[in-house]
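In what follows, a structure is listed as structure tokens, so that the remarks can point back to it.
Throughout, read-outs are computed from the coordinates displayed, never taken from laboratory work. For clarity, every value in this text was computed on a predicted model and none was experimentally measured. In this analysis, Cβ positions are derived from the backbone assuming ideal geometry, glycine residues included, and neighbour counts consider all displayed protein chains.
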Amino acid sequence: MTADQVTPEPLRSTSSIGTSLLRRDGVEKVTGDATYAVEHPVTGPAGEPPLHAWLVTSTVARGRVVAVDATAALAHAGVVSVVDHTSAPRLADTSDRELAILQDDAIAFRGQIVAIVLAETSESAREGAALVHVEQEAEPHAAAFQEDSPTYAPESVNGGSETDTLDGDPDEALARALVTVDATYTTPHEHNNPMEPHAATALWDGERLTLHDSTQGPRPVRGTLAPMLGLAEEQVRVLAPYVGGGFGSKGLPHAPEMAVALAAMTVPGQPVRLAVTRQQMFALTGYRTPTRSHVRLGAHPDGRLEALRHDAVTQSSRVKEFAEQAAVPARVMYAAPHRATTHRVAELDVPVPSWMRAPGEMPGMYAQEVAVDELALHAGLDPVALRVRNEPDVDPDTGNPWGNRRLVECLRRGAERFGWADRPTGARATVDGEWWVGTGVAASTYPMLWMPGNIARVRSLDGGRYAVAIAATDIGTGARTVLTQIAADALGCPPEAIDLDMADSDLPFGSVAGGSSGTTSWGTAIVAAAQQFRADHGEHPDPGVETTAASGQYADMDGHALHSFGAVFCEARVHRYTGEVRVPRLLGVYSVGRVVNPRTARSQLLGGLVMGLSAALHEEGWRDPRTGHTVTQDLATYHVAAHADVRDIDAEWLDDIDELSTPMGSRGIGEIGIVGTAAAVANATYHATGVRVRDLPLTADHFL
Ligand code: MOS
């Protein structure tokens, strides 16, 4: 689809934006009418019921498949076929080795797909998978991420940022600095665990592949899979009307989507369902790489930073490179004339790491914001005051003026509301019965990201209604609701007059629901199309006329540094005898531009805070280096925060309209809530106990 490019004007008059419109899909979701990826009632052209797929995965960390013996599986009741690397359809392009499954005998990590069982029921598929005998030849492997793992410098890091930056002479400046921090901070394997595991239903009719997928991006999935399958993009249709969360793990297509597509192509006319198990997700759908950040800060006695170094090492796989950008946020946070950031990657025989909510910012700001807390201690300054003292006038990275940097206001507002002024200066100063009590603060940041290429279509309907279409999906964030509000204001009608059509790759291009860029990018496109529609058809259009417009770049990304900021305040209690950590209070104050829907925005920010709390207290995946196996592959052993962990938690935002980022005045909000939160908790546990923990999570053993 081609469409003229339109750069929208700011939305001057708004009435729906800023209101807490109820979720448009709330009723379907809570009543169970919403059909998720493996719930669509799909049948073949002659009414064929779906087959069920089950994945068989490797049990060695490196080596090759010698033989797949399916005899016992095929003899099992209900099993229809077993697809392996000798029988799978050949791909037209195998350069993406994460997705090019079953094309050869190579095993590159434990948990890799080596066969797919198709059966009449889910149970028989699972039983059949257990009966497939895969003979594997193991080769020596390296699966432990450790200090002496060999590393290399990637060409760039996630998001396309530069691998290294250098300003001035930080090493010399650090050597002569009077107040310093020199410490290493680590974060463990963290695994995205959306409520709905990865799942898809596929139907190949001989001409066209239809995929009901649980994805953050129907068009990106189509655009990735089609050429690999040797198909034109129009031959693939991806639908994702309801998605039970993603947190980045559904942002890029992963191997299970290719598995169900290949399986469907072996049985033309017959639908195939695949529900990835929670256990299989730990190897097949991406995860946050463990990170090691060496942070060095050098300051004057008054706390002003003179030098800053952040050297980050992360893990990647041999199959596909993923370089988490952990040192990138250090480039924009604080003024210092001498600065260096570097990223190095250890390539191991492990599953492919990928996006997990705020990749880069989350682990990087953990390291940096604990280091800044340590610097405040060494300088004898309050941690809020130290941060205020190091506010940069312009973006230290680009030299551009700030679009809307209101970190100091977030810090001050949070401090006031949290009662920060009453805090005892020293650590280990407050005890309440059997608990040490302390408070901590950390800053938060996330860039304003805008995705090019979005296209929206506006069509007038009878009765003053409008159909608005874009292929983007709502993964549970509230996008369907928020885009309805934006469309209503852009067209000058109430939200009830908008029929929003989305989550179907046959619609005009919508970019991934990732990088907190959805509302920004799709909303800008909808405003562009609505304004063009008005220009084309006037205020009172006849029913049935339409305009399709491609979004020009609205955001002033070249002229200004566009980022969101926030401040997180935490009260922690650490049990004197068991080391148990509790967080009775957690508060985030954010500057995120204008909030389109306070109800859904609050939910995003609180969700981010909970996920940061979860990382602080619990989340730790553990890979057995002997086997390469993630032993913590369920929610019994991979702990996430539960309701009992979340006490008095709140998020608020500054009153704001960002006229430089979007015509709505908004920026993104999906990720900033997780950033800095774990550091605030760690800093609070230090203040409570005097024990500085630099390695997440903050488990009890650290405090004993
Ligand atoms: Mo988010 S990790 O950018 O999907």
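With contacts taken as Cα pairs under 8 Å at a separation of at least 6 residues, region 463-587 carries a relative contact order of 21 percent. Protection proxy ranking, highest mean first, for peptides 370-377, 642-649, 598-605, 391-398: 370-377, 598-605, 391-398, 642-649, where packing is the per-residue count of other beta-carbon atoms within 10 Å, averaged. In percent, rounded to a whole number, the relative contact order of region 570-704 is 41, using alpha-carbon pairs under 8 Å and six or more apart. Computed over the Cα atoms of the chain, the ratio of the radius of gyration to the Kirkwood radius (Rg/Rh) comes to 0.98. Every helix of 4 or more DSSP H residues in the chain counts as -39500 (n - 2.57), and over all residues that averages to -7000 deg cm²/dmol at 222 nm. For Pro543, neighbours were defined as the other residues whose beta-carbon sits under 11 Å from its Cβ, and their charges (Lys and Arg +1, Asp and Glu -1) total -1.
Here the mean projected area of the convex hull built on the C-alpha positions of region 505-570 is 7.7 nm². Can you check what the net charge comes to around Trp436, using other residues whose Cβ is under 13 Å from the Cβ of Trp436 (Lys, Arg +1; Asp, Glu -1)? After counting each charged neighbour, the total is 0. Put simply, when 268-276, 561-569, 244-252 are sorted by average Cβ atoms within 10 angstrom per residue, most first, you get 561-569, 244-252, 268-276. Taking every DSSP bridge with both residues inside the chain, close to 75 percent are antiparallel. Counting only whole DSSP H helices of the chain, the ones at least 20 Å long by C-alpha along their axis and with mean Kyte-Doolittle hydropathy no lower than -1.0 are 361-379, 518-537, 598-617. With K and R counted +1 and D and E -1, the other residues having a Cβ less than 9 Å from that of Val260 yield a net charge of -1.
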